[in-house]
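Remarks on the structure that follows.
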Amino acid sequence: MADDLLSFRSDRTPVLARGGMVCASQPLAAAAGVRMLDAGGSAADAAVAAAAALAVVEPCSTGIGGDCFALCFDAATGQVSALNGSGRAPAALDLERVERDGLGDGLPPHHAHTVTVPGACAGWADTLERHGRLPLARVLEPARALAEEGFPVSPVIAVQWAALAKSQLGNSPGGAELLIDGRPPRAGEVFRNPGMARTLRALADAGPRGFYEGEAGAAVARAVQQHGGTLSEDDLSAHRSTWEEPISSVYRDLRVWECPPNGQGLAALIALNLLSGFDLDGQDPLGPDRLHLLVEAMRLAFADSRWFVADPEQSPAPVAELLSETYAAERRRSIDPTRANPDAKRGVPAAGSDTVYLCAADADGNACSFINSNYMGFGTGIVPDGFGFPLQNRGFGFSLDPGHPNALAPGKRPYHTIIPGMLTRERDGSLYGPFGVMGGFMQPQGHVQVVVALADDGADPQRALDRPRFCIGSGTADGAVALEAGIPDATLAELSARGHDVSRIEGYGRITFGKGQLIRRDPTGVLWGGSDPRADGCALPRA
């Protein structure tokens, strides 16, 4: 792989259109979404088609064996709805079982006990039922064709596939279904996945029941149990998505929408609430004063979110209190503009990883912000025999501390890193646009940095995504700070002098900073699309 292919330099300008747009991390997936717009589909139809296509062309990040979340803007009502398409822990898995299996000190990241029920399949169908116009079978057709007929593997995905194949796909005999003659496919090589085509046909023919209660579901349960897990066919057949009230905060003149816990969108909103009390106007976007404030806000946000984000049905977070201005003002006093605080602790509010992100907008003003993930690359690497997809390891997000709100328990949803975002204009509630930055604990940090670029600096969608980023790598209050190539040496030196543990990341390692997509809708109906240069994707318009 030539170094210049992985330099992630961007000379792109935004893509403009009026008839609709899809932004995704792989062009064939974006094209699948545009086909739905051409067929009269909505933004939701386009988003699900792109998500299904990404499950085929980017299996090292996402798939039908993972989870999904969505935020949908309905132009007719001006309302934003939130889909939680995450699965739950098996009914037979609890802390006692983990202890009996000798794993009480921590679950290995790819163990069968980290497999939660895959929620993506139901999430796709439920998104279409509420916001789509086309039948599920029609929306899945581009993905099925890609799996059956094959597709050329794109460069960045080829590197990811190769980096993860040996360590993860070797966990399962079925892992060979995602290889060519025992090796990962190379860039430009055509890859076919007949097992995934079979899975998509079953889903198209029978809907989610064709997955959860059919041969695929039986194969999922069998594979997990063969690897020492407890997931059963009953766990699969009991799965349901949930529609929930989104959470939001106002930053400058934009309202920022996120899915509620068990997703970590709360962290982005807490950080933006803190930053709203600082004047960022006129600051160098890559200078030490700006980045110090953003890092410190994220430290406090992670201190809170890593404790409070859990399954709301079993451990509800005090969301209203955490997002109140009173709480923000109190926490803001913890930020010293001249000194890092790596020992930030969670507050006490008054009582009261590897992923794909994509977005779509249609000509009628609807928008869908959609995210789908296996969690860590190929997830567990466990591939149900004959079905061509890996199973997620989302259960690795549980705590094994029985006193923690996010403690593992039967039927519980874990802390989730994947978060879609949506922006509306506060003055009139109109759609500004869907956005997101994928990548583990980078995601709320990416949301904050993109929103600041848009709201404080007036950046267009492509420039907002191009801007070099920081990442608190562990997603914890005391984590070290990685700075992307392009941030000046003087900024790194000054942040270090202020007490930050900083390092620089260049080349392919810049994938650490996430891969985002963004569409802005002007009041005139013109769409401005941006796609992250750290991925293979694009913003693709419908004329």
Largest-first semi-axes in Å of the equivalent ellipsoid built from the Cα gyration tensor of region 1-131 are 34, 23, 12
In whole Hz, the Karplus estimates of ³J(HN,Hα) for region 463-478 (6.51, -1.76, 1.60; θ = phi - 60°; x where Gly or Pro) are 5, 5, 7, 5, 4, x, 10, 10, 8, 7, x, 8, x, 10, 4, 9
For Gln226 and Glu149, what does the FRET efficiency come to when R0 = 45 Å and r is the distance between their Cβ atoms, rounded to the nearest 0.05? 0.90
Just the number, please: Stokes-Einstein D of region 389-543 in µm²/s, Kirkwood Rh from C-alpha pairs, 4 °C, 1.567 mPa s. 74 µm²/s
Listing Asp45, Asp362 from the residue with the fewest other Cβ atoms within 10 Å to the one with the most, what is the order? Asp362, Asp45
Among 421-433, 510-522, how do they line up from the highest to the lowest mean number of other beta-carbon atoms within 10 Å? 510-522, 421-433
Expressed in nanometres to one decimal, the distance between label points 7 Å along Cα→Cβ at Glu321 and Ala543 is 5.8 nm
Residue by residue through region 530-543, which ³J(HN,Hα) values in whole Hz follow from phi under the Karplus form 6.51 cos²θ - 1.76 cosθ + 1.60 (θ = phi - 60°), with glycine and proline marked x? x, 9, 5, x, 7, 10, 8, x, 6, 9, 10, x, 9, 5
Rounded to the nearest Å, what's the spacing between the alpha carbon centres of region 359-388 and region 220-292? Just the number, please. 16 Å
I'd like to know which of Leu274, Gly150, Cys259 lies farthest towards the positive end of the charge dipole of the chain, counting +1 on Cβ of Lys and Arg and -1 on Cβ of Asp and Glu. Gly150
When Val57, Val115 are arranged by how many other beta-carbons sit within 10 Å of their Cβ, fewest first, they go Val57, Val115
Tell me, Lys166, Lys412 in order of fewest to most beta-carbon neighbours within 10 Å? Lys166, Lys412
Calculated from backbone phi, Karplus (6.51, -1.76, 1.60) coupling profile of region 33-49 in Hz, x at Gly/Pro: x, 5, 4, 5, 5, 4, 7, x, x, 8, 4, 5, 4, 5, 5, 5, 4
For Glu426, residues with placed amide H under 5 Å, excluding near neighbours: Leu254, Arg255
Farthest positive-ward along region 390-543 dipole, Cα basis, beta-carbon charges - from Ala407, Ala485, Phe470: Ala407
How big is the charge dipole of the chain about its Cα centre, in debye rounded to the nearest 20, if each Lys and Arg gets +1 on its Cβ and each Asp and Glu gets -1 on its Cβ? 380 debye
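All of the numbers you see were taken from the coordinates with simple rules; none came from a lab. All figures in this text were calculated on a predicted structure; none of them were measured in a lab. Positions of Cβ are generated from backbone atoms using ideal geometry, with glycine treated the same way; all protein chains shown enter the neighbour counts.
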